[in-house]
């Protein structure tokens with residue numbers, strides 16, 4: 001099976017890359033980490049105008065989807081540029097509504113257009129960016145509930161991933177929803193985001209080892225450095241076809257396999273990037289730290305490595 005993107009998909013990726021490159025996302029990430037959402041909201045609107053969120057919303061509600069392959073293409077670029085916000089959660093919230101309903105008619109059009117942001121989490125767990133999200137959904141045993149508020153912010157591995165407990169209660173949106181369908185979309189988007197993070201880390205590290213010299217030569221000429229970078233490149237390239245293959249099938253097991261492979265590849269690349277950058281890689285002021293923190297956080301988001309492996313081995317039947 002071929003997993004090469006067609007010309008239209010490549011053009012979509014290139015347009016997103018150009019837009020996000022011009023947006024100076026590191027400054028947006030730092031503002032978001034401090035709780036200043038002004039620049040992040042402006043970038044969110046531009047991403048929505050490019051049609052990213054519409055890819056997760058059916059056409060009858062103002063969307064373009066569902067189109068999981070194009071969604072994966074978009075989230076690779078969002079990860080490459082470390083875009084902050086409840087991106088994955090907005091996609092997962094849209095995937096909760098697979099059947100026409102009053103709640104879908106009310107909630108999906110604003111998500112597709114970018115007027116609304118959504119976050120969701122299991123009851124009792126922390127929700128990402130609940131302070132800025134306009135739609136907060138708690139996944140309860142009775143079904144998803146539109147929660148009325150949130151508690152104080154909690155520490156996170158990634159300062160740009162701000163976590164909040166959701167308030168109890170709220171409007172019941174649908175009974176017996178397709179939660180696994182939403183989780184599958186969340187894992188696919190997380191896997192794509194992680195792949196993009198890994199690609200960015202590798203690109204930045206390759207550029208750095210070409211510039212940094214030791215003993216009068218670039219450290220990138222050392223055989224040991226080449227081997228580390230080659231291992232990272234191979235891991236990321238192995239993750240790519242798994243990601244797009246999973247986007248074609250959208251089975252829970254395939255998506256779980258893609259997530260664990262992409263997230264582990266990104267995490268391994270982050271460790272290589274940190275080692276090859278030396279002490280400067282540890283400094284929060286250096287932009288590399290934004291991708292390092294995200295690689296670590298995405299590794300456990302929406303199912304850690306062991307959970308995803310268990311899901312693959314069970315053929316996608318396991319619930320958690």
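Bear in mind these aren't lab numbers, they're just calculated from the coordinates by the rules spelled out. Just so you know, these numbers come straight off a predicted model, no measurement behind them. Cβ: placed from backbone, ideal geometry, glycine included. Neighbour counts: every protein chain shown.
Things worth noting here:
- On Cα atoms only, tilt of 179-211 relative to the major axis of the chain in degrees: 20 degrees
- Cα shape, the stretch 85-145, gyration tensor, a/c 1.5 rule: oblate
- The order of 243, 120, going from fewest to most other C-beta atoms within 10 Å of their C-beta, is 243, 120.
- Three-way shape label, the stretch 7-177, alpha-carbon gyration tensor, a/c 1.5: oblate
- Take every pair of alpha-carbon atoms less than 8 Å apart whose residues are at least six positions apart; their mean separation over the length of the stretch 180-313 yields a relative contact order of 36 percent.
- The DSSP beta bridges internal to the chain are antiparallel in roughly 70% of cases.
- FRET efficiency, 1/(1 + (r/R0)^6) with R0 56 Å, evaluated for residue 123 and residue 223 via beta carbons: 0.60
- Using alpha-carbon coordinates, inclination of helix 102-113 to the longest axis of the chain, degrees: 30 degrees
- Seen against the Cα atoms of the chain and their longest principal axis, helix 68-80 is set at about 50 degrees.
- DSSP finds beta bridges in the stretch 7-177, and of those with both partners inside it, around 65 percent are antiparallel.
- Taking other C-beta atoms within 10 angstrom as a stand-in for reagent exposure, 153, 225 fall in the order 153, 225, fewest first.
- In the chain, the calculated helix contribution to ellipticity at 222 nm averages -18500 deg cm²/dmol per residue, counting -39,500 (n - 2.57) for every DSSP H run with n ≥ 4.
- Distance between the stretch 37-110 and the stretch 117-169 - C-alpha centres, whole angstrom: 17 Å
- Whole-Å semi-axes of the ellipsoid equivalent to the stretch 180-313 (Cα gyration tensor, √5λ, descending): 31, 14, 10
- Percentage relative contact order, the stretch 7-177, counting C-alpha pairs under 8 Å, at least six apart: 19 percent
- Order of 179, 83, 312 - criterion: other Cβ atoms within 10 Å of each residue's Cβ, fewest first: 179, 312, 83
- Given their separation in residues at 0.36 nm each and the Cα-Cα distance between them, residue 101 and residue 6 gain 30.8 nm when the chain is fully extended.
- Theoretical gain in end-to-end length, residue 31 to residue 203 [0.36 nm per residue, Cα-Cα removed]: 59.5 nm
- The slack in the chain from residue 167 to residue 309, taken as 0.36 nm per residue of separation less the alpha-carbon distance, amounts to 47.9 nm.
- Residue 142-residue 212 FRET efficiency (beta carbon distance; Förster radius 56 Å; 0.05 resolution): 0.50
- Within the stretch 118-206, percent of DSSP bridges classed antiparallel, to nearest 5: 70 percent
- Gyration tensor (alpha-carbon) shape descriptor, the stretch 249-301, a/c threshold 1.5: prolate
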